[in-house]
Structure formats: C-alpha cells, structure tokens
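To start, I am sharing the structure in question, which I have written as structure tokens.
The values are calculated or read from the model by the stated rules, or taken from the named source; none is laboratory data. Because the structure is a prediction, the values reported are computed rather than measured. All Cβ positions, glycine included, derive from the backbone under ideal geometry; neighbour counts span all protein chains shown. Ligands, DNA and RNA are excluded from the accessible area calculation, which covers all protein heavy atoms including side chains. Shrake-Rupley method; radii C 1.70, N 1.55, O 1.52, S 1.80 Å.
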Amino acid sequence: MSARIVAVLNQKGGVGKTTTSVNLTHALAKLGKKITVIDFDPQSHLAVSLGVVDPQKSGIDRVLLEGVSLAQQLISVRKNLNLVVAGPRLQEIEQLMDGGARSGDLLRKALLDGHRDEDFIFIDCPPSSGVLVANALFAADEILVPMTSDYLALQGLSHLMGTIKKFESALKRPYKISLVMSRYIPTRRISKEVLSVIQKYFPGQILATTIRETALLAECPSFGKTIFEYRPGCRSARDFTALAKDFLEGRMM
Amino acid sequence: MAEKDEDSLIGFDPLAWMHRSDFNQDSQRDDVDKLESHAASAFVSENAEVPGQAMNHDEEPTIASESFPSEQGERAILVLEPVLNIQNVALLHQRLTQMLSNFEAIDIDASGVMMIDTATLQLLLILKQTAIGLQKSISIDFPSDKFIEASELLGIAEMLEVDQVASGFF
C-alpha cells in the first residue's frame with residue numbers, strides 16, 4: 001500500500017497551514033487513519049503545536065542532508081500519528097544550490113525509501129517558495145491549500161497557482177488540488193465574497209467544511225495540544241472532525 | 001482585468017488570468033527555467049518517468065442547505081434565515097421543537113442573520129431554558145452583529161450567550 005502524499009501549501013503566512021496540519025492530521029488519526037506528518041518549516045511550529053519543543057532534535061533535516069532513513073526520525077506523538085520534526089539544519093536546504101537537480105528531489109527520494117504503512121503523509125510547508133517548497137511539490141501527489149477569506153490571500157493564491165501550474169507543466173502531471181477555507185469569519189461580508197470568487201475558479205475543489213476563526217484555535221499551540229485535547233467537543237473540534245470526513249470522502253462545496 | 005461589480009468588495013480579481021483563453025501552457029513550460037528553485041527544471045529533464053495522476057474534477061459542488069441534521073447523530077445544526085420575524089416564528093418554533101425532541105444538542109448558526117425581531121429572540125430564549133431543563137444543549141454559533149445588537153437591546157445577550165467571547169471570536 002502506498003501512502004497519499006499531501007503537501008499543505010500556501011506561500012502566504014498566517015493562512016492556517018500549521019493549524020490545519022495539526023488538527024486535520026489528528027482528526028484523521030482519531031478516525032483510524034495512520035498518518036505521518038512532516039514539519040517542513042524551519043520555524044518548527046508544527047512540532048511545537050504537537051508538544052515537541054526540543055529545538056536541537058534532528059528530523060527531516062538529517063534525512064535530507066545526511067541520508068538518514070525517514071523511519072529513524074519518526075516520533076509517535078499520538079495514537080496513529082507520527083511526527084518528523086524539522087530539525088535545526090533544515091534551513092540549510094534553502095542554500096543548497098550546488099546539488100543542482102538533486103537538491104529539489106531529496107524529499108521525494110526519502111519518501112520512496114522504506115516500507116511503511118501510513119495511509120497519508122502530510123508535509124507542512126513553510127510560508128515561502130524556495131527549495132523546500134520545490135521538494136514538497138516534487139514529492140507530493142496532492143496539494144491542500146489553506147486559504148483565509150481576505151483579499152490579500154486571493155492575491156497570494158493567484159501567485160501560488162502560477163507556481164503550481166509551472167510545476168505541473170514541468171513534471172507533466174496534474175496535481176489533485178483541494179482548498180480549505182480556514183480562519184473563516186462567517187459574519188464578514190468580505191469572507192463570503194472571497195469564498196464566492198474562489199468557488200468560481202475552483203468548483204468542486206473546496207472542502208465542504210469551513211474552519212471558522214476561534215480564539216481556542218489560537219490558544220492550543222501554546223499548550224502543545226491539538227484542539228481535540230485542548231477543548232474536546234468545541235466548535236473548532238467539530239469543524240476539524242467534519243473537515244477530516246470531507247477530506248476522506250472527497251466532499252466538496 | 002477583473003470584472004467589477006459595483007457592490008462587490010472585490011476590486012481587481014487576481015485570479016482572472018486562470019480563465020483567460022490565451023493562458024498558454026507552453027509559455028509556462030518555458031518559465032520553468034526561471035523557477036524559484038533552479039533545481040526544478042534540471043530535475044524534470046532527468047526524470048521524465050515521474051508517474052502521472054489524474055486531477056480530480058469529478059465531484060459536484062455541494063449546495064449548503066438551510067437546515068440539516070449533522071452527521072454526528074446526537075447533534076443537529078440549524079442555519080437561521082437572514083430575516084426572522086413574527087411571520088415565520090411559528091415555523092421556526094415547530095422546527096426547533098422537533099429538533100429538540102430528536103437531538104441532544106442543537107447548534108444554531110446565526111451568522112447570516114440580518115434582521116431579527118423580539119418574537120424570534122424570545123423563542124430562542126425559551127428554547128435555551130427548555131433545553132437546560134431537559135439537560136440538553138443549545139448553542140448559538142457565530143451570531144452576526146445584527147443578532148448581537150438585537151439581543152443586547154432586549155437585554156438577553158448574556159442569557160443567550162451571544163457576546164463575542166462566548167461565541168468563540170477572539
């Protein structure tokens with residue numbers, strides 16, 4: 001069985017990539033899916049959000065730079081949920097230009113290595129568009145784009161789609177692209193209008209559940225807890241459970 | 001350029017290029033050499049066998065319904081209409097009574113409410129009190145500014161738990 005490799009990607013910051021990665025993967029794990037999530041952002045926010053705070057702990061950096069196997073770097077953080085931390089040297093990948101073609105292909109090769117039994121591998125990408133993101137795009141089968149419902153996020157989405165289309169063209173394969181509306185504030189008119197614009201360009205590609213902005217989602221990373229641990233049963237926990245079901249069943253707006 | 005609807009909050013549409021008929025894949029291919037990662041183009045030339053995968057465009061868009069039971073079994077969701085007044089309060093009463101008897105919890109999405117009268121607010125208050133007596137729960141999710149304003153004017157915002165903090169915002 002081969003895992004579906006999903007890059008959680010948007011080069012714009014603050015759109016909810018890490019929040020989506022943390023809570024969607026935990027929701028999927030709670031639904032019985034075996035998940036590995038890779039913290040591919042040198043800021044290590046994903047690991048912190050899952051309660052792993054050692055900044056010197058090696059992770060995907062050693063896999064990419066030293067050829068250590070991914071299996072050796074897995075940390076079991078929750079039932080059915082493994083984490084690969086970023087590691088202190090991940091930023092060095094961005095400066096890796098000498099390797100030419102190979103510097104963009106490191107992650108894809110690392111994920112091919114070994115026989116693991118995950119259903120999904122999620123890659124929480126950094127808010128940039130350099131070598132790390134190129135690695136994620138080469139490795140991924142599909143792309144999950146968290147989107148906020150503000151105008152500048154639309155502008156960012158336009159830039160992101162340009163990048164993705166270049167990769168599709170270059171790799172001669174289309175990605176499966178899904179969007180998730182995160183940090184959604186349903187009472188704002190601009191939210192509805194931005195959503196309407198996105199629906200026009202991405203029909204059948206926006207996951208049916210919107211993740212609404214709540215204070216709780218902003219609070220839980222500081223305790224190293226997912227929303228299911230920090231406030232089980234709250235609106236946000238229910239949103240992410242519904243989103244996980246949408247993701248599994250392909251339920252779109 | 002984007003089409004400009006005078007009432008729209010979206011001025012220039014940055015995604016408009018995606019619908020342009022002259023969007024040219026070949027020109028995009030030429031741009032690959034200029035990618036942020038120069039590794040990309042070299043990788044492509046060396047790895048022509050990268051397996052393909054069909055893009056999934058098969059799913060039909062889902063249209064949100066006005067009210068529907070959630071899939072969580074014991075919890076139901078009701079999306080309130082934008083205009084709530086004495087003319088439709090009887091229907092709302094009937095629907096809520098039915099939901100209260102069938103579910104342990106009801107989430108009422110009040111984000112789209114543009115106008116609400118005292119009759120509807122009283123109905124929601126009674127519903128909340130009745131639910132407490134039955135050890136069931138009613139929560140009013142993401143109330144609009146109009147909803148909050150009306151419930152504050154009537155002095156029942158606290159009882160309905162619709163202040164900003166209780167509603168989950170910030």
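Share of Cα-Cα pairs in the range B:89-170 beyond 15 Å, in percent?
So the portion of pairs separated by more than 15 Å is 54 percent.
Here is a further query. Which order do B:H19, A:H26 take by accessible area at a 1.4 Å probe, largest first?
Output order, biggest surface exposure first: B:H19, A:H26.
Structure shown: which of A:K79/B:K128; A:K34/A:K200; A:K192/A:K245; A:K57/A:K79 lie over 31 Å apart, alpha-carbon to alpha-carbon?
In this structure, A:K79/B:K128; A:K34/A:K200 lie more than 31 Å apart at Cα.
Under a point spin-label approximation (7 Å from Cα along Cα-to-Cβ), what is the A:D113-B:A119 distance to one decimal in nm?
Those two pseudo-labels are separated by 7.1 nm.
With a 1.4 Å probe and all protein chains in place, put A:R78, A:R189 in order of accessible area, largest first.
A:R189, A:R78
Might you report the magnitude of the Cβ-based charge dipole of chain A about its Cα centre, with Lys and Arg at +1 and Asp and Glu at -1, to the nearest 20 debye?
The dipole of chain A has a size of about 780 debye.
Could you work out which residue, out of A:I177, A:I190, A:I211, moves most in a Gaussian network model of chain A, that is, has the largest mean-square fluctuation with Cα springs under 10 Å?
Looking only at A:I177, A:I190, A:I211, the largest GNM fluctuation is found for A:I190.
Hey, another quick one. Going highest first, how would you order B:79-92, A:237-250 by mean Cβ packing within 10 Å?
Highest to lowest by the protection proxy: A:237-250, B:79-92.
Give the span of chain A's Cα atoms along each principal axis, as three whole-Å numbers ordered largest to smallest.
Computed over chain A, the largest-to-smallest principal extents equal 49, 40, 32 Å.
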